[in-house]
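The values are calculated or read from the model by the stated rules, or taken from the named source; none is laboratory data. Note that the structure is a prediction, hence the values are computed from the model and not measured. For neighbour counting, all protein chains shown are included, and Cβ atoms are generated from backbone atoms with ideal geometry for every residue, glycine included. Note: areas computed on protein heavy atoms with side chains; ligands, DNA, RNA excluded. Shrake-Rupley method; radii C 1.70, N 1.55, O 1.52, S 1.80 Å.
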Amino acid sequence: MTSLIKKDASGNAGDGDAHLLINEVVGVPGGIGEAARLARAASYDTFLRGLLPGRDGVALLAVGGLGRRQCAPYSDLDLVLLHAGVPGTNELASSIWYPIWDAGLRLDHSVRTVAEALSVAQDDVKVALGLLDARLVVGDQTLADALSRTAADHWRRTAVRHLPGLREVTTARWQAHGELAFLLEGDLKEAAGGLRDVGLLRAIAAAGITDALRPAVRAAHLRLLDTRDALHQQVGRRVDRLVAQERDGVAALLGLEDGDALLRRVAGDARTVSHALDDAFRAADRLRSGRSRGGNGRSARRPVARDVVEHDGELVLARTAIGARPDPSLSLRVAAAAATTRLPIARATCEWLAAYCPPLPAPWPAEARAALTTLLGAGPGLVPAWETCDRYGLVDGWLPEWTRLRSLPQHNPVHRYTLDRHLVQTAHEASRHAREVERPDLLLLGALLHDIGKGLPGDHSTVGVPVAQAAAARIGLPPGEVELIGTLVRLHLLLPDVATRRDLSDPVTIASVAEAVGDTGTLDLLHALVRADAAATGPAAWSDWKGRLVAELVARVRTALDTGVLPEPPAPDPALLAGPLPVVHLTGDRVSVAAADRRGLLATVAGCLALHRLEVISADASVVDGRALVECRVQPRYGLPPDPVPLRADLRRAVGGDVSVTQRLRGRALAARGSGAAPRVVWHREAATDAVLLELRAADAAGLLYRVTCALDEAGALVRAARISTLGADVVDAFYLVGGWPDDEARTRLEQAVLAAV
């Protein structure tokens with residue numbers, strides 16, 4: 001066959017030309033679903049049979065997706081030319097491979113005898129797994145059967161020995177690609193819970209270790225294959241990563257409502273696959289352990305809780321529990337036992353509980369509430385126990401709201417989990433703070449329910465209150481505790497929002513938080529909850545400086561609640577009030593400057609810090625004894641602290657009025673402007689003692705504080721404090737403007753100045 005297109009260095013055609021050639025030369029149909037995949041496999045088979053006339057001693061085998069007849073629209077081909085030592089094999093192989101490349105198909109190929117193929121499979125477990133899918137396309141049936149039969153027999157005899165190494169390789173792959181269930185842009189094949197893991201389940205089932213491909217797994221597998229089909233069709237080339245810009249199109253091809261519905265379906269399927277693989281690996285571990293003991297005798301049953309015993313490293317029901325009428329709390333008690341012992345629940349036990357455990361009454365009995373508290377407070381054992389129960393539908397019986405929350409994506413980039421997993425993870429993190437509060441049980445339940453309003457219209461902290469309170473009442477909490485759960489949900493963002501966006505030295509700030517919280521017990525619960533929430537969200541949600549600000553706010557509010565007296569603002573650093581001007585102090589994350597009183601000093605300091613790649617977290621400006629003082633908390637923008645010597649020199653020159661430094665600052669700041677959605681200004685009238693609050697919500701950018709403070713200064717406003725809160729790619733910056741409430745004209749002028757600077 002004459003070459004139709006130019007191939008790249010690997011012998012493969014470019015993706016842009018492949019679609020046309022595959023359709024014209026091979027006749028591969030598109031489409032989504034099992035029937036379409038079978039039709040594509042049949043088209044590939046027809047094409048390949050034309051390349052190798054039937055002959056003895058030679059067989060063309062398909063492995064991978066074509067071997068399984070699960071071809072995506074732009075699948076590559078995995079082929080093995082098997083021979084019995086016949087002459088001219090290399091020439092024969094070339095006559096097959098080149099027409100495949102000329103058709104625009106990606107190809108992974110090998111030429112081997114039966115003995116060579118088995119030898120490679122013995123040394124490479126991936127090859128061994130691939131041979132399990134080997135299927136004759138054309139050629140010597142006897143030769144192909146010999147390889148398939150021997151490879152399958154070899155795998156059955158050696159699988160238990162090979163699986164630990166395979167598990168290590170699989171774990172490394174998971175670490176590289178993440179968990180498909182929780183990724184906004186996951187790889188449908190390589191991520192944990194993806195199509196590659198289904199291949200492992202198929203291999204474990206082929207070894208006879210366990211029935212790994214149960215109906216739920218088969219259904220999840222088909223849906224993941226459908227999703228990959230739709231992704232190929234949407235993008236027009238071979239791709240496995242479900243990127244954000246393609247989600248809605250893929251969802252439409254699958255008949256789903258939107259991209260979020262697609263993410264939820266993929267997440268649920270990935271969790272089903274991951275859970276099944278964990279169960280299969282445990283089955284292999286038990287089989288290997290039994291063989292190492294010689295397989296003699298039956299494993300002992302060890303009681304671990306009422307109605308729950310350990311058997312072969314798993315938790316099962318005691319015989320008395322199976323024979324008697326189960327009480328409604330049994331599933332919760334089994335889950336609590338699994339979480340506290342960190343032992344998995346046997347699959348048969350989960351299935352029995354799902355089928356026969358009666359529903360919980362409303363309100364719950366005391367035993368069920370105690371089991372829930374034990375489960376939530378179990379620490380590291382909580383997440384796997386909860387996930388197992390959720391896979392079998394037990395959690396829906398405990399919390400009917402869970403159906404709406406399950407696998408709900410969170411598009412804020414700081415979140416690393418879906419909503420349901422985030423709630424469970426928050427409860428796990430809250431258990432670390434259980435001894436810091438008077439009511440650890442309410443802390444744990446509040447952690448589980450704090451974001452229950454997400455996915456509903458409106459502010460989730462507000463709309464979640466009645467939902468959380470209804471759940472708490474159904475669980476059996478008395479009215480006062482139900483009300484407290486609602487307070488935790490409503491105020492769970494209060495402390496971090498105030499700590500990062502308000503002046504903590506202002507009595508109005510402390511008084512407003514104290515009034516909202518009401519008592520020190522609630523304050524302690526909120527403090528623990530905010531730390532647990534941040535830890536469950538992800539690394540970007542918390543930092544040392546945020547922790548210090550929240551702790552400072554809590555300490556000041558506690559003083560106000562305990563004594564009824566608002567704490568005095570901290571006194572300025574005495575070193576700033578002595579010695580010749582200017583004074584520049586660099587101490588840890590603090591930058592303090594004293595200079596002759598003049599307008600624009602805060603803007604000058606902020607710009608100089610931006611020039612040295614420092615982000616300002618908070619800034620305070622004041623005038624004491626004729627000296628203008630600026631004190632800032634900072635952090636390196638790119639992780640590396642600047643050289644203090646040039647920073648100190650530039651600060652001295654800038655606050656001293658050196659025009660050349662100011663010009664450098666303006667040039668750098670203008671070059672660093674951010675982009676994104678339209679910025680917005682929000683005014684707060686009674687948020688400060690001696691100032692009004694202008695809040696800017698905009699895209700983050702280097703030098704933003706400098707530009708805005710310059711604009712405010714030029715517009716005639718006097719800024720005494722600024723608080724910078726970075727939320728992913730956005731910021732919420734609060735500026736305290738000295739003076740009374742400006743009239744409409746003044747507010748408009750200031751808003752226009754700020755927005756123009758952004």
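Residues with amide H under 5 Å of residue 315's amide H, sequence separation 5 or more or different chain, H placed in the peptide plane at 1.01 Å from N; which?
HN-HN under 5 Å from residue 315: 345, 346.
Would you please give the residues with an amide H less than 5 Å from that of residue 77, counting only those at least 5 places away or on a separate chain, with H modeled from the backbone geometry?
The answer is 106, 107, 108.
Once the piece of chain linking residue 678 and residue 653 is laid out straight, how much longer is it, given 0.36 nm per residue of separation minus the C-alpha distance between them?
This chain segment gains 5.5 nm when fully extended.
Relative contact order (percent) for the chain, with alpha-carbon contacts under 8 angstrom and 6 or more residues of separation? Before the final figure, lay out the partial values.
Details: 1283 pairs, mean separation 51.9, N = 758.
Across the chain, relative contact order equals 7 percent.
Report the net charge of residues surrounding residue 575, where surrounding means a beta-carbon distance below 12 angstrom and charges are Lys +1, Arg +1, Asp -1, Glu -1.
Values: positive: 590, 627; negative: 573, 631.
Its environment carries a net charge of 0.
In square angstrom, what is the accessible area per residue of the chain with a 1.4 angstrom probe?
Solvent-accessible surface per residue comes out at 43 Å².
Apply the Karplus curve 6.51 cos²θ - 1.76 cosθ + 1.60, θ = phi - 60°, to the phi angles in segment 572-589 and return the couplings in whole Hz, x for Gly and Pro.
Coupling constants for segment 572-589: x, 4, x, 5, 6, 9, 10, x, x, 8, x, 10, 10, 10, 10, 9, x, 9 Hz.
Hey, if you put +1 on the Cβ of every Lys and Arg and -1 on every Asp and Glu Cβ in the chain, which of 405, 479, 332 ends up farthest toward the positive end of that dipole?
The residue sitting farthest along the positive end of the dipole is 332.
What nm distance separates the two modelled labels at residue 645 and residue 663, each placed 7 Å from Cα along Cα→Cβ?
Reported label-point gap for residue 645 and residue 663 is 2.6 nm.
How large is ³J(HN,Hα), in whole Hz, for each residue of segment 403-418 in order, when computed from phi with the Karplus curve 6.51 cos²θ - 1.76 cosθ + 1.60 and θ = phi - 60°, using x for Gly and Pro?
Taking θ as phi minus 60°, the curve returns 4, 6, 7, 4, 6, 5, x, 10, 7, 5, x, 6, 7, 9, 10, 5 Hz for segment 403-418.
Roughly what would the spin-label model give for residue 555 and residue 585, points 7 Å off Cα along C-beta, in nm?
Taking the simple label geometry, residue 555 and residue 585 are separated by 1.6 nm.
Counting only protein heavy atoms and a 1.4 Å probe, tell me what percentage of the chain's accessible area is made up of carbon and sulfur. If you can, show how the numbers build up before the last one.
Details: 16950 of 32370 Å².
Answer for the chain: carbon and sulfur cover 52 percent of the accessible area.
Which whole-Hz ³J(HN,Hα) couplings does segment 681-695 yield from phi under the Karplus relation 6.51 cos²θ - 1.76 cosθ + 1.60, θ = phi - 60°, glycine and proline marked x?
10, 10, 9, 10, 7, 10, 9, 8, 6, 10, 7, 10, 10, 10, 10
If you take the beta carbon distance between residue 599 and residue 727 as r and set R0 to 30 Å, what does 1/(1 + (r/R0)^6) give as a FRET efficiency, to the nearest 0.05? Please list the in-between numbers first.
Details: r = 31 Å, r/R0 = 1.02.
After rounding to 0.05, the efficiency reads 0.45.
Got a sec? What order do 375, 494 fall in by accessible area at 1.4 Å, biggest, i.e. largest, first? Walk me through the numbers before you get to the answer.
Values: 375 0, 494 40 Å².
The most accessible residue leads, giving 494, 375.
About the Cα centre, and with charges only on the beta carbon of Lys, Arg (+1) and Asp, Glu (-1), how big is the dipole of segment 75-143? Nearest 20 debye, please.
80 debye
What dipole magnitude, in Debye to the nearest 20, does the chain give about its Cα centre under +1 on Lys/Arg Cβ and -1 on Asp/Glu Cβ?
Values: 87 positive and 91 negative charges, 364 e Å.
In debye, rounded to 20, the chain gives about 1740.
Starting from the amide H of residue 308, placed 1.01 Å from N in the peptide plane, find each other amide H under 5 Å away whose residue is 5 or more places distant or on another chain.
Residues meeting the criterion, in which the H sits 1.01 Å from N, are 318.
Any idea how far the Cα center of segment 93-156 sits from the one of segment 492-527, in Å?
Cα centres, segment 93-156 to segment 492-527: 67 Å.
Quick one: what do you get for segment 35-87 if you divide its Cα Rg by 2.2 N^0.38 Å? Before the final figure, lay out the partial values.
Values: Rg = 12.1 Å, N = 53, 2.2 N^0.38 = 9.9 Å.
Normalised by 2.2 N^0.38 Å, the Cα Rg of segment 35-87 equals 1.22.
Note down the net charge around residue 31, summing +1 for each Lys or Arg and -1 for each Asp or Glu among other residues with Cβ under 15 Å from its Cβ. Display every interim value, and only then the final one.
Numbers: positive: 37, 40, 69, 228; negative: 34, 226, 229.
Its environment carries a net charge of +1.
How are the alpha carbon pair distances in the chain distributed across 20 Å bins from zero to the largest one, expressed in percent?
Pair shares across the bins are 14, 35, 31, 18, 2, 0.
Mind checking the dipole of segment 310-403: about its Cα centre, +1 per Lys or Arg Cβ, -1 per Asp or Glu Cβ, Debye to the nearest 20? Present the calculation step by step, with values, prior to reporting the outcome.
Details: 7 positive and 10 negative charges, 36 e Å.
Computed charge dipole of segment 310-403: roughly 180 debye.
Dipole of the chain (Lys/Arg Cβ +1, Asp/Glu Cβ -1, origin at the Cα centre): which of 85, 437, 212 lies farthest to the positive side?
Highest projection toward the positive end goes to 85.
With n ≥ 4 as the cut-off for DSSP H runs, can you work out [θ] at 222 nm for the chain, using -39500 (n - 2.57) per run divided by the number of residues, rounded to the nearest 500? List each step's numbers first, then the result.
On the way: 31 runs with 398 residues, N = 758.
Computed ellipticity for the chain at 222 nm equals -16500 deg cm²/dmol.
Which loop GluC sites (Glu not before Pro) in segment 358-444, with loop taken from DSSP, have no more than 11 other Cβ atoms within 10 angstrom of their Cβ?
On the way: sites: 367, 387, 401, 429, 436, 438; in loops: 401, 438.
Sites meeting the loop and neighbour criteria: 438.
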